[in-house]
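Student: Just dropping this structure here.
Every read-out reported here was derived from the displayed coordinates using simple, explicitly stated rules and does not represent laboratory data. All of these numbers come straight from a predicted model, not from anything done at the bench. Cβ atoms come from the backbone with ideal geometry, glycine included; neighbour counts cover every protein chain shown.
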Amino acid sequence: MGTGPDTAPATPADPARTTQGVLLGFGSFGLFSLSDASVKLIAGAIAPMQSAFIGALFGCLLLPFMLRKGEGLMAVFRTVSRPLWLVRFVAYPVGVIGSVTAFTHLSMAEAMVLMFLEPTFVTLLSIVFLKERVGARRWLAIALGFAGVLRPISTSCADHMGANWARVHTWDGKKWNFSSGSPRFQCNK
């Protein structure tokens, strides 16, 4: 939790607001998935920069609905740290253009797996920019998460079941056999 001037002290969560937040989260993630799938469907039809611009343009249409009562559009530019605001101003479009490009060059599964690396980078950047202290348990969680995210990327058609990390054995009545590499999961050659 932040401790800046705009941060309210921690209070017990209101169940109605929690439900509202969960529903809003599900809706948002559903829309992100729809957006990612549409990027994949139009792969190459328009340039990644154009796709990012169109997305940003539609995002600007939502600004009036996100403002508090009595706030004007200039509230969007109000900040406690102008340098960090400028970093975000540059980093966001670069990230969007990069992710759109990734979705056009990678399979949907690979691109989504790479997006799960975001918490790792957020943690690393929070150390640099927010001067957060990260304990041993969080470093362990980051390392395990990083390894878990890279696992599906390193999986290939020859070893799509992850046989070099864990193998499932089944008994066929005479001997134990490895279950990984089942014919129904074989890659098309």
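Student: In whole Å, what is the distance between the alpha-carbon centres of the stretch 121-144 and the stretch 24-100?
Tutor: What the calculation gives is 25 Å, centre to centre.
Student: Estimate the FRET efficiency between residue 61 and residue 89 by the formula 1/(1 + (r/R0)^6), using the beta-carbon distance for r and 22 Å for R0, to the nearest 0.05.
Tutor: Plugging the Cβ-Cβ distance into 1/(1 + (r/R0)^6) gives 0.70.
Student: Another question, if that's okay. Using the 10 angstrom Cβ neighbour count as an exposure proxy, how do 174, 40 rank, fewest first?
Tutor: Fewest-to-most Cβ neighbours within 10 Å comes out as 174, 40.
Student: In nm, to one decimal, how far is the residue 73 label point from the residue 134 one, both placed 7 Å along Cα→Cβ?
Tutor: Each label point lies 7 Å from its Cα, and together they span 3.9 nm.
Student: Relative contact order, percent, of the stretch 1-146 when contacts are C-alpha pairs under 8 Å separated by at least 6 residues? Show your work: numbers first, answer last.
Tutor: Values: 40 pairs, mean separation 38.0, N = 146.
About 26 percent, as a whole number.
Student: Computed FRET efficiency, Cβ-Cβ of residue 29 and residue 177, R0 30 Å: what is it to the nearest 0.05?
Tutor: 0.15
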